[in-house]
Amino acid sequence: MNGPELLKSWREAQGISQEKAGAMVEVHQNTWCDWERGKKTPHTTTALRLHALTDGACPVEAWSESAEVAETYRRSIGLPAVDGVTLDTSPEF
């Protein structure tokens, strides 16, 4: 399952509306709906909040655009690396 599917599955399992779920991470219902439809991707900080809110049911890694940034953050605070996520460590010129 991808991010949108995981997010919708979690919300439905909780029996809450998109409006209530959005309020839990301080976004409008329309934004939550766009995430569930795959029309938009949450910013990394919001993806981290979604991960926490869902107790890991919707991990940051499910949002591919956020995965590398989230991995950098995880490593910076001493959390273990996530399988399948690699970082580009080549020097920038």
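A few comments on the model shown:
- Screening Asn30 against (1) modelled with pLDDT of 95 or more; (2) closer than 28 Å to Arg75 by Cα leaves a single unmet condition, (2).
- Residue tally, condition in contact (Cβ under 8 Å) with a residue 12 or more places away in the chain and in a helix (DSSP H, G or I), over the range 33-43: 4
- Flag if Thr46 is within 12 Å of the chain's Cα centre (by Cα), in a loop (DSSP other than H, G, I, E, B), at negative phi and not aromatic (Phe, Trp, Tyr): no
- Single residue of the range 49-67 satisfying the filter (part of a loop (DSSP other than H, G, I, E, B) and either open to solvent by 70 Å² or more (accessible area, probe 1.4 Å) or at pLDDT 85 or above (or both)) that is farthest from Gly3 (Cα to Cα): Asp55
- Which listed residue, of Lys40, Lys8, is farther than 14 Å from Val60 by Cβ, modelled with pLDDT of 95 or more and of a type outside the set (Val, Ile, Thr): Lys8
- Residue ID - nearest to His51 (Cα to Cα), chosen from residues in the range 1-34 that are β-branched (Val, Ile, Thr) and within 14 Å of the chain's Cα centre (by Cα): Val25
- The residue pairs whose first member lies in the range 16-32 and is among the aliphatic types (A, V, I, L, M), whose second member is open to solvent by less than 40 Å² (accessible area, probe 1.4 Å), and whose beta carbons are closer than 6 Å, counting only pairs six or more residues apart or on different chains, are Ala21/Arg11; Ala21/Trp32.
The values are calculated or read from the model by the stated rules, or taken from the named source; none is laboratory data. Predicted model, so just to flag it, every value in this text is computed and none were measured. For neighbour counting, all protein chains shown are included, and Cβ atoms are generated from backbone atoms with ideal geometry for every residue, glycine included. To get the accessible areas, we keep the full protein, side chains included, count just its heavy atoms, and leave off ligands, DNA and RNA. Shrake-Rupley method; radii C 1.70, N 1.55, O 1.52, S 1.80 Å.
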